[in-house]
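The values are calculated or read from the model by the stated rules, or taken from the named source; none is laboratory data. In this text the structure is predicted, and so the values were computed from the model without any measurement. Neighbour counts are summed over all protein chains in view; Cβ atoms, including those assigned to glycine, are modelled from backbone coordinates with ideal geometry. The accessibility values were calculated without ligands, DNA or RNA, using every heavy atom of the protein model including side chains. Shrake-Rupley method; radii C 1.70, N 1.55, O 1.52, S 1.80 Å.
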Amino acid sequence: MAEPRRENSGPVGPPLLDLTIDNITPNTIRINSQSDDQRLTYLLSRLVTHLHDFARETRLSTDEWMAGLEFLIACGKICSEVRNEFILLSDTLGLSLLLDNINHPKPAGATEGSVLGPFHTHDAPLLENGASMTSDPAGEPMLAVCTVRDTAGNPIEGIKIDIWETDSSGHYDVQHSDRNEPSERCVMLSDEEGRFWFKGLKPVSYPIPHDGPVGKLLERLGRHPWRPAHIHFMFEKEGWDKLITALYLKGDPYETSDAVFGVKKSLVIELGKVDKETAEKYGVEEGTWLLKHDFVLTTQKDTEKLRDDLAKEALAKLGLHNLKLVDHLPVPDLD
């Protein structure tokens, strides 16, 4: 008698063993290791290993795990086109900054990176040098005069610079329900001397959105939700390593306790005041706040080499000698 036909028959994969606390991890890794994508297989292998070890080490309770799942569900429910609670979670756990440091290491003298944050948009207008990017009459006016150079001091022309900050109330434009157009944000291009300059607002401190699950988590941890006053910059041009960074005002009460770990000493600056000559040159009032800064970029090639060197060094320290780098990412060396 013929066997009954099985619907949706297909590869069943390696057989599972009698599963226990001790062998569930290698079994999960084994059944997840059927893909041709070596990087995906490696990522899932390490994720499962650390996740299972976390559960065993903490003797994680079912109620605690369900609370964690409910937390993630709540993060998903509050997300919208202008608010991403998962980016906020990544930021507040220090993961965003860690990933930037791993993927965009900087040699001495180059401008360090910082967190992107959840409020970058893709609709900022392209403005000419000297234009104003703010429509907020309540803020303290600020003139920014900056340059972009390479590590040898040469100016870089044609760099696309994305710039954004909050208004005087500490809110980004997308946080206002009546937002009709971008404000406190723009895109500029560096000129032949690597210069760009614009009119904005003196940055102010503000709390990250804390009315959702991430805010409740911070409260449970005894943490505040505040970020020190800062202004965001993102630099892009083919052949150059993409730089996402921010400049932070020295003396801000939250300078050393940023809720999303974005502050680095090299990114802390002091504002000056516009003198008479500068006021006439840039068309602003004397005494206006002045931000002056020289940004230094590295080439994509140099960054990739440094990233590979640091990856090999880190893997060796961890005792992971059976790995190789493919497209700058470690995968098991099966050769």
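Each residue in region 325-335 was checked for being open to solvent by 60 Å² or more (accessible area, probe 1.4 Å) and closer than 21 Å to Gln300 by Cα, and 2 pass.
Scanning region 230-287 for residues that are touching a residue at least 40 places away in the same chain (Cβ under 8 Å), over 22 Å from the mean Cα position of the chain (by Cα) and farther than 23 Å from Gly194 by Cβ yields Pro253, Glu285. The residue pairs whose first member lies in region 104-128 and is touching a residue at least 40 places away in the same chain (Cβ under 8 Å) and closer than 24 Å to Gly94 by Cα, whose second member is basic (Lys, Arg) and open to solvent by less than 60 Å² (accessible area, probe 1.4 Å), and whose beta carbons are closer than 6 Å, counting only pairs six or more residues apart or on different chains, are Pro105/Arg307; Glu112/Lys106; Glu112/Lys264. Taking the stated definitions as given, is Arg195 charged (D, E, K, R), open to solvent by less than 70 Å² (accessible area, probe 1.4 Å) and out of contact with any Gly (no Cβ under 8 Å at 6 or more places or on another chain)? No; evaluated as a whole, the condition is false for this residue. Just one of Thr166, Thr121 is of a type outside the set (Asp, Glu), modelled with pLDDT of 95 or more and either over 23 Å from the mean Cα position of the chain (by Cα) or closer than 18 Å to Ile244 by Cα (or both); which is it? Of Thr166, Thr121, the one residue that is of a type outside the set (Asp, Glu), modelled with pLDDT of 95 or more and either over 23 Å from the mean Cα position of the chain (by Cα) or closer than 18 Å to Ile244 by Cα (or both) is Thr166. Looking only at region 59-108, residues that are among the β-branched types (Val, Ile, Thr), open to solvent by 90 Å² or more (accessible area, probe 1.4 Å) and over 16 Å from the mean Cα position of the chain (by Cα) come to 1 in all. Within region 209-234, restricting attention to residues that are surrounded by fewer than 21 Cβ atoms within 10 Å (Cβ to Cβ), in contact with an Asp or Glu (Cβ under 9 Å, 6 or more places away or on another chain) and of a type outside the set (Gly, Ala, Ser), the residue that is farthest from Ile161 (Cα to Cα) is Pro213.
Exactly one residue out of Glu313, Glu304, Glu280 is among the acidic types (Asp, Glu), open to solvent by 100 Å² or more (accessible area, probe 1.4 Å) and more than 17 Å from Thr147 (Cβ to Cβ): that is Glu280.
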